[in-house]
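*Asks:* I'd like to ask some things about the structure below.
The values are calculated or read from the model by the stated rules, or taken from the named source; none is laboratory data. Quick caveat: nothing in here was measured; it's all calculated off a predicted structure. Quick reminder, even Gly has a Cβ in these numbers, built from the backbone with ideal geometry, and neighbours come from all protein chains shown.
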Amino acid sequence: MSAVDVHVLDTPACILGEGPFWDADRSRLSWVDIDASRLFWREPSGAVDAMQVSAGALSAAFPADDGWLLVMDHGFGFQSRSQGLVTLAQPETEMGVRLRMNDAACDASGRLWAGSMSISGSEPIGSLLRMDLDGSVSRVVTGLTVANGMGWSPDGRSFYLVDSIPGLLWSWRFEPDEGTLTERYLVSDDLGPGIPDGLTVDADGCLWIAFFGGGLIRRFSPSGALAAEFPLPLLFPTSVCFGDTGLDTLYVTSAQGPEPEPHAGQLLALDPGVSGLPAHSFGGRAIPPSASRTKAGQP
C-alpha cells in the first residue's frame with residue numbers, strides 16, 4: 001500500500017456522498033448527498049454551501065450558467081436560479097421503484113453520460129444513457145446492474161465504466177465526433193476488496209477507483225493491472241475526482257455505513273503524486289419538458 005497523508009476536510013457528513021466535480025472556471029468543488037437530495041459546493045476559501053433539491057434521489061450535478069444540470073430520480077432536471085427546479089427527460093420511469101439514476105460524467109464535447117441502477121443490486125435492468133447537446137436522450141447500453149464510475153482516456157478514444165455489483169470494469173472504443181461506443185472490452189472482473197464504485201482517470205491514463213466497503217482507493221493501468229493502493233480512514237468511499245489548480249489533489253466522497261465511523265460521509269483529500277484530467281460540464285442547453293425526447297436504444 002502507498003503511504004500518503006489523507007486529510008479529512010471540514011464538510012457536512014453526507015448519508016451517501018457522491019458525484020465530486022472540480023469546476024476549474026470557478027475553482028470550486030461540488031458533490032451531492034444522494035439520499036438527502038442535497039447539493040454541496042466548496043469555495044476556494046474552504047467555505048461550504050449547500051442547496052436542498054426537490055428530488056427523490058440526486059445522483060450528480062454539473063454547473064451551468066443559470067444553475068445546475070441534475071441527474072436525478074429517473075432522469076434529468078435543471079435547477080435554475082430564476083425558475084427553480086425544471087424536470088427534463090425522465091427516461092427510466094418504466095421500472096418505477098426498482099430503478100434510479102446513478103453516476104454521470106460529461107465528455108469533451110459536452111455530452112452528458114449517465115447510468116441507472118437496480119435498487120436491489122440484483123437485477124440487470126440498468127442502462128447507460130447519453131444526453132446530447134440538444135437535450136435529446138439515447139439509451140446506449142443496457143443490461144447493467146449498477147452503472148457507476150465512468151471516464152475517458154487522455155486521448156478521448158476509450159470510455160470506461162464500472163458495473164459495481166458484478167464487480168466489472170468495462171472499456172469501449174469511443175468515437176469523439178459521433179459520441180458513439182464500439183468494441184466493448186472487459187478490462188477486469190477482479191478489481192479488489194469491497195465494491196468498485198466511482199472512477200476517475202489521471203493524465204497518465206491510469207484509472208482510480210473507490211472501493212465501497214473496502215476502505216481504499218486503487219489505481220489501475222488501462223489494461224487493469226494494479227498500480228497502487230491507498231488506504232483511507234473510513235470504510236465507505238464512494239467516488240473520486242482530481243481538483244485544485246494543477247489537478248493534483250484527489251478528492252474522495254464517502255457514505256455512512258451500518259456502524260458509526262468518525263469521518264463517515266465527509267470529504268477527503270490526498271496528494272496522489274500524479275495529476276488528473278480536466279472535468280467537463282454539459283455543453284448544451286436546458287430543454288423544457290415538452291421539447292425533450294427519448295430515442296430508442298441499442299444494446
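*Asks:* Tally up the residues in region 1-25 that are under 19 Å from the mean Cα position of the chain (by Cα), of a type in the set (A, V, I, L, M) and over 21 Å from Pro44 (Cβ atoms), please.
*Replies:* 3
*Asks:* I would also like to ask the following. Say whether the condition of being closer than 24 Å to Phe242 by Cα and hydrophobic (A, V, I, L, M, F, W, C) is met by at least one residue in region 113-120.
*Replies:* The answer is yes, given that some residue of region 113-120 is closer than 24 Å to Phe242 by Cα and hydrophobic (A, V, I, L, M, F, W, C).
*Asks:* Sticking with this one: How do the strands (runs of 3 or more DSSP E) wholly within region 1-101 filter down when requiring 2 or more residues that are in contact with a Leu (Cβ under 8 Å, 6 or more places away or on another chain) and either hydroxyl-bearing (Ser, Thr, Tyr) or touching a residue at least 24 places away in the same chain (Cβ under 8 Å) (or both): which remain?
*Replies:* Working: elements: 6-8, 17-23, 28-33, 38-42, 48-52, 58-64, 67-72, 75-80, 84-87.
Once the strands (runs of 3 or more DSSP E) in region 1-101 are filtered for at least 2 residues that are in contact with a Leu (Cβ under 8 Å, 6 or more places away or on another chain) and either hydroxyl-bearing (Ser, Thr, Tyr) or touching a residue at least 24 places away in the same chain (Cβ under 8 Å) (or both), what remains is 6-8, 17-23, 28-33, 38-42, 48-52, 58-64, 67-72, 75-80.
*Asks:* While we're on this one: Of the numbered conditions (1) of a type in the set (Val, Ile, Thr); (2) closer than 24 Å to Ile165 by Cα; (3) crowded, with 20+ Cβ neighbours inside 10 Å, Val137 fails exactly one; give the number of that condition.
*Replies:* (2)
*Asks:* Quick one: would you say Val71 is in contact with a Ser or Thr (Cβ under 8 Å, 6 or more places away or on another chain) and over 24 Å from Gly198 (Cα atoms)?
*Replies:* So Val71 does not fit the description; no.
*Asks:* Continuing with the same structure: Please work out if Ser158 is polar (S, T, N, Q), buried (at least 21 other Cβ atoms within 10 Å of the Cβ), touching a Ser or Thr at 6+ places or on another chain (Cβ under 7 Å) and modelled with pLDDT of 95 or more. If you could, list the steps in order and put the result at the bottom.
*Replies:* Details: polar (S, T, N, Q): yes; buried (at least 21 other Cβ atoms within 10 Å of the Cβ): no; touching a Ser or Thr at 6+ places or on another chain (Cβ under 7 Å): yes; modelled with pLDDT of 95 or more: yes.
Against the criterion (polar (S, T, N, Q), buried (at least 21 other Cβ atoms within 10 Å of the Cβ), touching a Ser or Thr at 6+ places or on another chain (Cβ under 7 Å) and modelled with pLDDT of 95 or more), Ser158 does not qualify.
*Asks:* Output the number of the condition that Thr182 fails; it satisfies all remaining conditions of (1) outside any loop (DSSP other than H, G, I, E, B); (2) of a type outside the set (Phe, Trp, Tyr); (3) under 20 Å from the mean Cα position of the chain (by Cα).
*Replies:* Every condition holds for Thr182 apart from (3).
*Asks:* What tally of residues in region 235-263 results from selecting those that are under 19 Å from the mean Cα position of the chain (by Cα) and in contact (Cβ under 8 Å) with a residue 60 or more places away in the chain?
*Replies:* The total comes to 14.
*Asks:* Which condition from (1) under 18 Å from Cys14 (Cβ atoms); (2) of a type outside the set (Phe, Trp, Tyr); (3) surrounded by 20 or more Cβ atoms within 10 Å (Cβ to Cβ) is the one that Pro91 breaks?
*Replies:* (1)
*Asks:* If you go through region 4-32, how many residues are closer than 20 Å to Phe282 by Cα and either in contact with a Phe, Trp or Tyr (Cβ under 7 Å, 6 or more places away or on another chain) or crowded, with 19+ Cβ neighbours inside 10 Å (or both)?
*Replies:* Within region 4-32, residues that are closer than 20 Å to Phe282 by Cα and either in contact with a Phe, Trp or Tyr (Cβ under 7 Å, 6 or more places away or on another chain) or crowded, with 19+ Cβ neighbours inside 10 Å (or both) number 10.
*Asks:* Return the pair list, or none, for Cβ contacts closer than 7 Å from residues in region 214-234 that are without any contact (Cβ under 8 Å) to a residue 40 or more places away in the chain to residues that are surrounded by 20 or more Cβ atoms within 10 Å (Cβ to Cβ) and among the charged types (D, E, K, R), at least 6 apart or on different chains.
*Replies:* Leu226/Arg218; Ala227/Arg219
*Asks:* Still on this structure: Could you list, in sequence order, the residues of region 157-176 that are over 11 Å from Gly198 (Cα atoms), touching a residue at least 40 places away in the same chain (Cβ under 8 Å) and not in a strand (DSSP E or B)?
*Replies:* Listed by number, the residues that qualify are Ile165, Pro176.
*Asks:* Can we say Asp107 is touching a His at 6+ places or on another chain (Cβ under 7 Å), surrounded by 14 or more Cβ atoms within 10 Å (Cβ to Cβ) and closer than 23 Å to Ser221 by Cα? Walk me through how you get there before you give the answer.
*Replies:* Details: touching a His at 6+ places or on another chain (Cβ under 7 Å): yes; surrounded by 14 or more Cβ atoms within 10 Å (Cβ to Cβ): yes; closer than 23 Å to Ser221 by Cα: yes.
Against the criterion (touching a His at 6+ places or on another chain (Cβ under 7 Å), surrounded by 14 or more Cβ atoms within 10 Å (Cβ to Cβ) and closer than 23 Å to Ser221 by Cα), Asp107 qualifies.
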